[in-house]
Every structure is written in structure tokens, then in C-alpha cells.
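**Student:** A single structure is presented below for examination.
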Amino acid sequence: MRIIGGERRGRRLARWQGVGIRPLRDRVRTALFDTLGETVVGAEVLDLFAGTGAVGLEALSRGAKWATFVDSSAEAIRLIRENAARLGYSQRVEVIHGDAIKAVKNLARRGRRFDLVFIGAPYETGLAREALQALAEALPLRPGAFVVAETFHKEELGEEFRPLRLCRSRSYGETRLTYFRFGPSEETR
């Protein structure tokens with residue numbers, strides 16, 4: 001696994017050894033960042049169910065100013081810290097070891113606001129839907145923020161996460177990326 005774009009393009013990441021993680025494939029990560037384009041530059045990113053941290057680290061490589069990673073696995077937390085250090089991003093990250101849904105609520109209470117949230121929950125567990133609901137209720141988001149949920153390709157998330165608006169949904173093999181936006185379409189960061 002490697003960074004596929006930006007200032008750290010081609011740099012290798014430490015990989016998860018064993019079961020229990022499903023890294024976002026390079027092709028899907030490319031499609032994600034192609035869709036987001038320049039909105040990543042200067043963004044504050046929240047990577048939920050972060051695994052190795054590849055999505056948040058990719059965002060930093062492409063110009064995001066800060067990334068917060070959340071995962072409940074001690075091994076994932078170790079890998080995120082290792083990968084951030086490998087890339088020289090240790091001073092631009094916050095790593096939270098804990099439950100993603102609780103973390104969303106705690107971050108909102110602390111006044112944290114994000115421009116981009118990526119939800120990489122385990123497939124077919126309902127956790128992507130729970131995370132979207134927590135984000136819609138707690139709103140740790142800036143106007144114009146994007147929220148992107150990765151799910152199994154057959155899982156449709158729907159539009160019931162007001163005030164998040166469904167913008168786009170696209171499948172790549174067994175992976176579906178569903179994009180939501182917070183605030184009116186004409187608003188930007």
C-alpha cells in the first residue's frame with residue numbers, strides 16, 4: 001500500500017498483518033480524491049474507522065492541513081502513528097483510540113469542525129449508517145463539508161441524514177462510495 005498522489009506520492013505505508021482490516025484499494029482511493037479535487041487543499045479531515053490511516057494520510061499528501069484518525073483497534077492506532085511518522089506528518093495528526101460514534105460526539109462537544117469526513121466502517125455492520133446519523137446530529141462540520149461513506153456495493157444509504165444532502169453514489173467492484181454535503185450547495189469552505 002502506498003500514497004498515490006500529492007507531495008508524498010509513491011511513499012510506502014506500513015501494512016496491516018492479519019485479518020480484520022480492508023484497506024481502500026488504490027483505484028477507489030484515486031476515484032475518491034479525483035471526485036473531491038481541490039476541496040482537500042487546506043481541509044481538516046476526520047478519518048473514522050481509519051485502519052492504517054491511508055485515506056487521511058493521502059489527504060495530507062494532497063494538501064489537507066490536519067487529519068484526525070479514529071479507530072478502536074490498538075494495532076490500527078499503532079499503524080496510523082507509524083505511517084504518519086514515515087511520511088513526516090506526526091505534527092499534523094490527532095489519533096484517537098476508541099469508538100467512532102462516541103468520538104464524533106466528543107469532537108463536536110470540543111468544538112472541532114471538519115471539512116471532509118471519511119467513514120470506512122466494516123461492511124454490512126450498520127456502522128456506516130450509525131456514523132452518518134451521529135454526524136448529522138452532532139454536526140462537527142463546517143458549511144460545505146463533504147462526508148464520504150464507504151460501504152459494500154449492495155448497501156444503499158439513502159437520504160435520511162438531514163442536514164447532510166446526498167450528492168453522489170458510485171460503485172467500484174464490491175465497494176460503494178456515497179458522498180454527502182453539509183449545507184446549501186452554493187456554500188463552500
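**Student:** Residue by residue through the range 145-168, note down the ones that are over 17 Å from PRO122 (Cβ atoms), of a type in the set (Gly, Ala, Ser) and at pLDDT 95 or above.
**Tutor:** Listed by number, the list holds a single entry, ALA145.
**Student:** Now for a different question. Taking the range 135-158 as the search range and keeping residues that are over 25 Å from LYS102 (Cβ atoms) and of a type in the set (D, E, K, R), which one is farthest from the chain's Cα centre (by Cα)?
**Tutor:** Going through the qualifying residues, I end up with LYS154.
**Student:** Yes or no: the range 45-61 includes at least one residue that is in a helix (DSSP H, G or I) and modelled with pLDDT under 95.
**Tutor:** yes
The values are calculated or read from the model by the stated rules, or taken from the named source; none is laboratory data. Please read all numbers here as calculations on a predicted model, not as lab measurements. Methodologically, a virtual Cβ is constructed for each residue, glycine included, from the backbone with ideal geometry; neighbour enumeration extends over all protein chains shown.
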